[in-house]
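Heads up, the thing below is written out as structure tokens.
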Amino acid sequence: METLDEITREIYARFEEDVRRLHAIEPLWQPCTNCSDGYCCKNETVPVMQHEWERIVKFVRSEMPENQKRRLQTNVDRGRPKCPFLMRERCSVYPVRAWTCRIYPYTISQHRANHPGKFIAPFCPAYAQVFGSKEHDLAAYQPEIVQKLTDCPLVEIRIKDNLKFWVIDISFYAAEIWAALPRNDKGVMDGDDMHNWMGVVKYLRDSRRIDHSRFLNLLGLD
């Protein structure tokens, strides 16, 4: 029987292939593909599931260079509000980044775990003008589906002012992940469905079960 880690790895691999297809047919996402400053990571905290956190911990301990580990320890010690894994505007744990990091901003979903039916517009300078929003504004739209591809979950949507573009419908992915989570506690900490990065850091750092030194030890930063 497949483990949760094996199931999600397979899902993430399929999703990355859909991302490549999306980038090949939709020029709108070119600025996102070539992002130079990690804007979303600097200005947003994202949910992370426990099994994803455990995968990140293993990556940090076994594959992260020592200089990055020192930077990570500084970020954690200072309680930096943005993602502690963002270093020099790049994700230092990119191969094992969380599901939410992977899907934003070019997805929609009908699943209850992902803003059902909504398109959440990017809020960085590269897209503010495209979507008529302001930086830091998290705008959600109820899109109209114009057309779908038959061989993959790419859909063309229409939002305000007749703006049309392609995104990925992650409904089936979200349902697969949700179904794979253990039924007792859904595989997450403290009884919640999700925690953001700094929530996880704070939980591990301040928990009676894992104090600050134990947290650093867990990441191999002691």
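The values are calculated or read from the model by the stated rules, or taken from the named source; none is laboratory data. Note that the structure is a prediction, hence the values are computed from the model and not measured. Neighbour counts are summed over all protein chains in view; Cβ atoms, including those assigned to glycine, are modelled from backbone coordinates with ideal geometry. Remember, those area values only see protein heavy atoms, side chains included, never the ligands or the DNA or RNA. Shrake-Rupley method; radii C 1.70, N 1.55, O 1.52, S 1.80 Å.
Here the calculated FRET efficiency for residue 70 and residue 130, from their Cβ-Cβ distance with R0 = 41 Å, stands at 0.60, rounded to the nearest 0.05.
With coordinates expressed along the principal axes, the C-alpha atoms belonging to segment 1-142 extend over 42, 41, 28 Å, beginning with the largest. Remark: segment 163-175, residue by residue, has Karplus-estimated 3J(HN,Hα) of 6, 10, 6, 8, 9, 10, 8, 9, 3, 5, 4, 4, 5 Hz, where x stands for each Gly or Pro and the curve is 6.51 cos²θ - 1.76 cosθ + 1.60 at θ = phi - 60°. Beyond 27 Å in Cα-Cα separation lie the following of the pairs 82/148; 42/69; 58/134: 82/148; 58/134. Residue 90 contributes an accessible area of around 120 Å² to the protein surface, as traced by a 1.4 Å probe with all chains present. Look at the alpha carbon pairs under 8 Å that are at least 6 residues apart: their mean separation over the length of segment 130-173 gives a relative contact order of 26 percent. Largest accessible area first, the residues 134, 118, 69 order themselves as 134, 118, 69 under a 1.4 Å probe with ligands, DNA and RNA left out.
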